[in-house]
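Worksheet for the structure shown next.
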Amino acid sequence: MSGTRLVASRLDPRDAVYSSVIAAGEPWIYEILKGQYLRIVDLDGNQAVDTLFYNASDPSDRYSAQDTIRSQRNIYLTTGTRLLSAAGTVLLTIVADTCGRHDTLGGACANESNMVRYALEKRHMHACRNSFLKAVLAWGHGLDKRDITANINFFMNVPVTPEGRLTFEDGISEPGKYVEMRAETDVLTLISNCPQLNNPCNAYHPTPVEVLIWNGQGD
Amino acid sequence: MSGSPVLWEEVVEGGATWSHVLKRGTTLRISDPGGNANVGAIFYNFECPAERFNIPDSLKAQHIARLTEGFVLYSDMGRILCSITEDTAGWHDPIGGSSNAALVREKYGVTRYQDCHNDYHKNTRDGFLVELAKWGLGPRDLPPNVNFFSRVDVAEDGSMAYHVGNSNPGAHVDLRAEMNVLTILNTCQHPLDPNPNYDPQPVKLSIRREPAAGPNDPCRLSRPENARGFTLTERYFL
């Protein structure tokens with residue numbers, strides 16, 4: 001499949017059953033029911049939204065970046081991508097995308113990886129994997145660090161070159177762009193609205209994003 | 001690593017799973033005698049397996065989407081589990097993932113132990129999960145894996161294509177353990193291998209002692225990020 005499929009949604013925000021703004025640098029954890037639609041809106045543009053999904057009935061059955069990209073033979077996520085678990089469960093399908101492509105190779109920032117990537121003194125900067133841990137510990141049900149696996153970075157642009165290089169480029173997202181998914185089973189959704197200040201993934205200025213949920217549309 | 005004597009050698013047959021705690025100060029050589037082997041691999045800090053191989057951290061720290069000599073395998077705690085000190089294959093795949101029971105059944109058909117004994121069809125995911133269970137670990141502990149000797153090309157539009165013939169007969173890759181590393185290997189075929197036949201290849205393993213990375217070690221100097229990674233790893237043992 002092609003790496004970019006721009007498709008707008010027909011869902012009206014006035015019909016959403018839930019909406020919330022996730023402030024820059026904050027986590028969000030929420031269960032989406034089978035058939036519901038989840039939209040993530042990049043309110044101010046160029047914001048990385050680090051995201052993990054779990055089968056709500058068995059969180060060890062969780063999003064797998066490698067299985068998802070191999071299944072569609074393309075490293076970028078966009079409209080039509082089925083987000084798979086490692087056990088082969090279709091967790092969600094991307095049904096609309098006005099940004100065009102999303103990363104799932106770059107992972108989430110952490111205190112420790114920031115020390116490696118930028119400087120040992122960066123240890124104390126706020127990071128996604130701290131947000132993930134804070135959210136799963138608050139959620140309970142025994143979730144812990146072992147459940148923090150390779151994630152999706154919605155709105156983030158991480159091209160791979162044919163020579164096997166990985167680069168972090170300025171985002172291709174803009175204010176108001178969104179991605180929308182239909183839950184194919186009950187899924188626990190974990191988001192860290194990325195606080196990274198050391199690279200262009202957030203244009204050096206982390207900003208809020210909005211999440212909206214609609215009930216099933218009879219399809 | 002040719003200077004020091006081999007501590008032991010072992011053949012891992014095709015479709016098999018192997019595990020061992022590689023000790024800091026040793027190097028594991030994986031050789032592909034016949035060419036076209038595939039070795040799925042995952043790694044853990046043996047003392048605290050919640051610290052495990054992290055492919056995204058390894059790729060973004062070194063700005064790479066492939067692994068070869070001079071690069072290192074990072075844990076999710078900013079430390080280096082293993083360094084790739086020699087490599088004659090030139091490309092090892094960090095994005096293609098592992099085969100699973102459904103994929104193997106679809107590609108190669110069903111074979112059962114009852115019909116063909118130990119030639120029944122295996123898959124990497126089940127191999128990893130059973131081996132993990134031997135160390136008290138489970139599905140939540142299974143991270144994305146690397147595939148040694150395999151290569152998946154990525155085009156400009158993001159599309160992925162398996163690269164046939166990446167590894168030549170006799171190719172090898174050396175992994176120097178920088179920590180005490182629980183290492184799990186599986187020799188099933190790459191999930192994108194276009195070969196229509198179930199034909200997993202054996203590999204040869206050999207282990208030698210190896211001095212710790214010195215100040216001028218090529219993996220340490222290959223990127224400023226890796227110099228910091230080695231510092232953090234060395235501090236763990238202070």
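Just so it is clear, none of the values below were taken in a lab; they were calculated from the coordinates. Source: prediction; values computed, not measured. Cβ sites come from the backbone with ideal geometry, for glycine too, and all protein chains shown count toward neighbours.
Observations
- For region B:166-209 and region A:23-52, distance of Cα centres in Å: 39
- Highest mobility in the GNM of chain A, judged by mean-square fluctuation with C-alpha springs under 10 Å and restricted to A:71, A:192, A:131, is found for A:71.
- Loop-located GluC sites (Glu not before Pro) in region A:161-219, at most 14 other Cβ atoms within 10 Å (DSSP): A:163, A:169
- Pairs of Cα atoms farther than 28 Å apart, region B:6-236, %: 26
- Whichever aspartates and glutamates have a C-alpha closer than 16 Å to that of residue B:204, once near sequence neighbours (fewer than 8 apart) are set aside: B:9, B:10, B:13, B:32, B:86, B:87, B:174
- Taking B:54, B:123, B:197 as the candidate residues, the one with maximal mean-square fluctuation in a Gaussian network model of chain B, Cα springs under 10 Å, is B:197.
- All lysines inside 17 Å of residue B:60 as judged from Cα atoms, apart from same-chain residues fewer than 8 positions distant: A:122
- The label point for residue A:17 and the one for residue B:161, both projected 7 Å from the Cα toward the Cβ, are 4.6 nm apart.
- For chain A, calculated [θ]222 nm from helices alone, where every DSSP H run of n ≥ 4 adds -39500 (n - 2.57): -3500 deg cm²/dmol
- Result for chain B in a Gaussian network model with C-alpha springs under 10 Å: among B:159, B:99, B:58, the largest mean-square fluctuation is at B:159.
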